[in-house]
1. I'd like the residue in region 91-115 that is among the hydrophobic types (A, V, I, L, M, F, W, C) and within 41 Å of the chain's Cα centre (by Cα) and, out of all such residues, is nearest to the ligand (Cβ to nearest atom).
2. List the number of the failed condition for residue 385; all other conditions in (1) buried (at least 17 other Cβ atoms within 10 Å of the Cβ); (2) closer than 30 Å to residue 175 by Cβ; (3) touching a helix residue (DSSP H, G or I) at 6+ places or on another chain (Cβ under 6 Å) hold.
3. Restricting the search to region 215-225, which residues are surrounded by fewer than 21 Cβ atoms within 10 Å (Cβ to Cβ) and of a type outside the set (Lys, Arg)?
4. Restricting attention to region 10-19, and to residues there that are within 14 Å of the ligand (Cβ to nearest atom) and part of a helix (DSSP H, G or I), which single residue is surrounded by the fewest Cβ atoms within 10 Å (Cβ to Cβ)?
5. Take region 318-355 and flag every residue that is surrounded by fewer than 17 Cβ atoms within 10 Å (Cβ to Cβ), of a type outside the set (Val, Ile, Thr), away from the ligand (no atom under 16 Å from the Cβ) and part of a helix (DSSP H, G or I).
6. I'm checking my understanding of the structure. Among residues of region 285-317 that are surrounded by fewer than 21 Cβ atoms within 10 Å (Cβ to Cβ) and assigned to a loop (DSSP other than H, G, I, E, B), which one is nearest to the ligand (Cβ to nearest atom)?
7. Kindly provide the set of residues from region 405-422 that are of a type outside the set (A, V, I, L, M, F, W, C) and surrounded by 16 or more Cβ atoms within 10 Å (Cβ to Cβ), ordered by number.
8. So is residue 115 free of Cβ contacts under 8 Å to residues at least 24 places away in the same chain, part of a helix (DSSP H, G or I) and crowded, with 21+ Cβ neighbours inside 10 Å or not?
Amino acid sequence: MVQKVWGGRFKEETDVLVNKFNASIGFDQRLYAQDIEGSIAHCLMLARQGIITDDEASQISNALRTIKRGLDRGEFRLDDSYEDIHTFVEKTLIEKIGAIGEKLHTGRSRNDQVALDIRLYVRHVIEKILGLIKEVETSFILLADNNFDVVMPGYTHMQRAQPVLLAHHLLAYYEMLKRDEKRYEETLKRVNILPLGSAALAGSTFDLDREMVAKELGFEGISQNSMDAVSDRDFVLDFLFSSSVLMMHLSRISEELVIWSSQEFGFVLISDAFCTGSSIMPQKKNPDLPELIRGKTGRVYGDLISLLTAMKGLPLSYNKDMQEDKEALFDAVDTVEICLLVMARLLGNVSFSSERMRAASEKGFLTATDLADYLVRKGMTFREAHEVVGKIVLFAIENKKELHELTLHEMKSFTIRIDEDVYDWLDTISCINRRNIPGGTGSDMVRKSIARAKEELGI
Ligand code: ARG
């Protein structure tokens, strides 16, 4: 049994159940690299300030590097009696170099130490996630580029609304992902603040050079209030919120892939390698991957809500409830990373049925707005034009025709302003290309958006 770092004032051994319940080492071992990085920076600063000697600092930091290599190779057994990764590293250090190792924790508490470790960890994962987001963005842009000519119905209320380019639809997701990037980058600014030096809650009696540690660890600044610093997990919440919004975006494209790959739509075919089958129905090919991404979105929301809830009743400053931040954080990290990776690959494994999509965009009066706009150009007010086209649509429905299938005579019975040129006007591609307004689906605009995105992505 490992001796407790706080054992001095205790007469009895800790109950086995308490060790098990209290320990976080089962999951916070994921922070070992950050814990050691922070400890090395702390010990170098202690030496610079004359609190320990240079020789002691180099013994401590060398031993910490050896421990890190051992942990990298999985050489240690991390059992619950160590409580947490911070205790494990310190105990192992002391085992290696004796009493000198006992100086490392001078001016430090696990409270500011764990806050530091999580900040270093979140910074690391945000950088990784930003790279993965770029991969998904690249997949979207390549898909849009390779399917530039594909026309599809744009929907509102899941009802066919107006024809759009598939590329335009896909680029909408590129915009969402760009915002996700920004949200993580904003989060990073709040992550990059050094809490170390806050000690348990009130600051340290030692003359610690906090600015030096901040610089050493690449932080932009130091925390301004020790009580806030040890009890602040806002940056984890920021991360979880950014992750929730990102997952929501991934879930929306997933939902579309599920619907589009149904036989009812038949817009998209997902390659065999990215689908699964049924144990009973031999004909089935199911879109499990987008379904799973959609499903896992709920987990990440859950992670956000669980930490928000854990934090809401906490008095200042540190409370053990805060140990619960890690499993939520790690779960969100794992989920977001795998979902981004799968989405990037999945998008490279879909093919679109341009005929089905084109056919769908030519049925259901998707050019009705354009007909109204046509009448405005012929001198009607928009409201009047809307009314007239509404009546034409009703007539077409009753006569089982599309707008472009009506005769000129039939159309003229609603207004004499309609002429022969209406047929060209109602052509699907013309309707799309008429929207060459910034942000619109006109092909010139979409081509420009793709070019801009390619430049941004360096592809
Ligand atoms: N394992 C703890 C956590 O994750 C580390 C901080 C412990 N601090 C304390 N005062 N017991 O929050």
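1. For region 91-115, the residue satisfying everything is 114.
2. Residue 385 satisfies every listed condition except (2).
3. Listed by number, the residues that qualify are 216, 217, 218, 220, 221, 222, 224, 225.
4. 18
5. Result: 334, 337, 341, 345, 354, 355.
6. 317
7. Of everything in region 405-422, those that are of a type outside the set (A, V, I, L, M, F, W, C) and surrounded by 16 or more Cβ atoms within 10 Å (Cβ to Cβ) turn out to be 415, 417.
8. no
Read-outs throughout are calculated quantities, based only on the coordinates presented, and are distinct from any laboratory measurement. What you are looking at is a predicted structure, and each value in this text was computed from that prediction instead of being measured. Cβ: placed from backbone, ideal geometry, glycine included. Neighbour counts: every protein chain shown.
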